[in-house]
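A.B. asks: Take a look at the following structure, please.
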Amino acid sequence: MTNESANPINVLLICGGGSSEHDVSLRTADFIQQELAKSPALKLTRVTMDADGRFIDADGQLRELRSDKLLYNAGGSAQPVDYVIPAIHGYPGETGDLQSQLEILGLPYYGCGPEASKNCFNKVTTKLWLTALGIDNTPYQFLCAETPEEFAKAQDALSEWGSVFVKASNQGSSVGCYQVSTPEALNEALKDAFKLSPYVLVEKCLNVRELEVASYEYQGELVVTPPGEVRAPSDTFYSYDEKYAEDSRAETFVEAEGLSEGQLNWIREASRRAFVGLQLKDLSRIDFFLTDEGEIYLNEVNTFPGMTSISMFPKMLKNQGHDFSEYLAALIQAAVH
């Protein structure tokens with residue numbers, strides 16, 4: 001037996017959570033668990049967080065992570081935790097809440113820190129940061145209350161732009177997102193969005209190609225992959241269902257075709273500027289819109305992208321020539337040693 005396998009790094013994989021993305025989080029955790037099983041230097045324990053924030057192991061038993069960096073079971077025995085993978089989409093993983101707890105415990109973890117996670121999860125905050133960093137993003141209106149005055153701002157935007165997306169500001173990338181083109185549909189979408197979030201974004205609907213890059217740290221260097229492309233069916237947009245359903249009709253291409261060198265350079269530079277400026281860590285998926293007129297907008301920054309069998313992040317990493325299990329194992333070892 002090697003010294004590494006005799007003294008493995010104890011990794012805690014947390015998945016689930018109380019958001020609408022609970023099930024996708026489980027599928028992401030399946031992928032990560034499968035990849036880390038290839039490394040004898042790691043000993044993985046998986047727990048699922050329920051809607052009340054409790055950790056439940058594979059046997060259905062409650063577990064508790066305490067300030068001594070030990071994971072306890074109901075009988076009082078415990079095991080050490082050296083590193084945590086918070087594989088939770090939505091609250092409290094992508095919102096920074098879980099990361100804040102891990103910071104307090106002094107435990108290293110995979111992914112972005114609390115502030116970067118919170119800034120990128122909130123669509124309004126993301127746009128303010130992108131503007132501050134000099135990165136073009138889609139035209140929008142920001143609504144801060146469910147009042148006639150705020151709804152009037154949205155109606156004005158619809159009149160000017162013809163069609164808009166209504167987005168709950170602090171939900172997952174495709175949760176609480178509605179495409180509308182009539183005043184009646186707009187009011188209904190706004191009401192639905194305000195049920196999910198205290199702030200709502202109304203964005204100009206553009207005829208675009210949807211491009212995505214994987215930006216991640218590998219052997220101490222920031223890697224920005226060539227953009228891939230997602231093509232939703234013509235009768236819809238890249239909704240939550242189209243993104244994660246096994247029978248999704250969306251087509252994905254690990255490298256987008258037909259982009260000019262200037263467009264590729266702009267996307268690469270904007271991705272680097274966003275990763276550094278927002279102080280991201282370890283990984284992100286950064287999404288862009290390319291309009292028919294050739295304009296490019298940064299649409300969103302995803303600090304913990306999906307890693308299911310049809311997800312773009314692991315596909316683009318593999319296309320870059322990097323093995324996911326080696327990449328993540330190296331990050332873990334560097335953080336712990």
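The values are calculated or read from the model by the stated rules, or taken from the named source; none is laboratory data. If you're wondering where the values come from, they're calculated on a predicted model, not measured in any experiment. Here the Cβ is made from the backbone with ideal geometry for all residues, glycine too, and neighbour counts use every protein chain on show. What goes into the accessible areas is simple: the full protein's heavy atoms, side chains included, and nothing from ligands, DNA or RNA. Shrake-Rupley method; radii C 1.70, N 1.55, O 1.52, S 1.80 Å.
A.B. asks: If I fit a long axis through the Cα atoms of helix 261-277 and take the longest principal axis of the Cα atoms of the chain, what angle between them do I get, 0 to 90°, rounded to 10?
C.D. replies: So the helix axis and the longest Cα principal axis differ by about 60 degrees.
A.B. asks: Semi-axes of the equivalent ellipsoid of the chain: what are they in whole Å, largest first, if each equals the square root of 5 times a C-alpha gyration tensor eigenvalue?
C.D. replies: The three semi-axes for the chain are 36, 24, 17 Å.
A.B. asks: Something else: Can you count the Lys pairs in segment 1-134 with C-alpha separation below 27 Å, eight or more apart or on different chains?
C.D. replies: 4
A.B. asks: Provide the net charge surrounding Gln279, with neighbours chosen by a C-beta distance below 15 Å and charges set as Lys +1, Arg +1, Asp -1, Glu -1.
C.D. replies: Surrounding charge for Gln279 is 0.
A.B. asks: Under the 0.36 nm per residue contour assumption, what length would be gained going from the current alpha-carbon distance of Ala185 and Ala37 to full extension?
C.D. replies: Length gained, Ala185 through Ala37: 48.5 nm.
A.B. asks: Sticking with this one: Report the extension gain between Ser20 and Gln320 in nm, rounded to one decimal, defined as 0.36 nm multiplied by the number of residues separating them, less their alpha carbon distance.
C.D. replies: Taking 0.36 nm per residue and subtracting the Cα distance, the gain is 104.9 nm.
A.B. asks: Quick one: Karplus J couplings for segment 282-287, per residue in order, coefficients 6.51, -1.76, 1.60, θ = phi - 60°, nearest Hz, x for Gly and Pro?
C.D. replies: Computed from phi, the couplings for segment 282-287 are 6, 7, 6, 10, 10, 10 Hz.
A.B. asks: Can you pull out the trypsin sites (Lys or Arg not before Pro) in segment 24-128 that DSSP calls coil and that have at most 15 other Cβ atoms within 10 Å?
C.D. replies: Listed in order of number, the matching sites are Lys38, Arg54, Arg66.
A.B. asks: Is it possible to state the helix-based mean residue ellipticity at 222 nm for the chain, with each DSSP H run of 4+ residues giving -39500 (n - 2.57), the sum divided by total residues, to the nearest 500 deg cm²/dmol? What is it?
C.D. replies: Calculated mean residue ellipticity at 222 nm is -10500 deg cm²/dmol.
A.B. asks: In addition: What do you get for the angle between helix 324-336 and the principal long axis of the chain? Use alpha-carbon atoms, 0 to 90 degrees, nearest ten.
C.D. replies: 70
A.B. asks: To continue, here is another question. Let me see the P(r) profile for segment 1-98: every Cα-Cα distance counted, bins of 5 Å, each bin given as a percent of all pairs.
C.D. replies: Going from the shortest bin to the longest, the percentages are 3, 13, 22, 24, 20, 12, 4, 1, 0.
A.B. asks: Could I have the simple spin-label model distance between Glu103 and Ile310, label points 7 Å from Cα toward Cβ, reported in nm to one decimal?
C.D. replies: Calculated label separation equals 3.6 nm.
A.B. asks: Where does helix 148-161 land angle-wise versus the long Cα axis of the chain, in degrees 0 to 90, nearest 10?
C.D. replies: Taking Cα atoms only, the helix is inclined about 70 degrees.
A.B. asks: Roughly to the nearest percent, how much of the accessible area of the chain is carbon and sulfur, given a 1.4 Å probe?
C.D. replies: Roughly 48 percent, rounded to a whole number.
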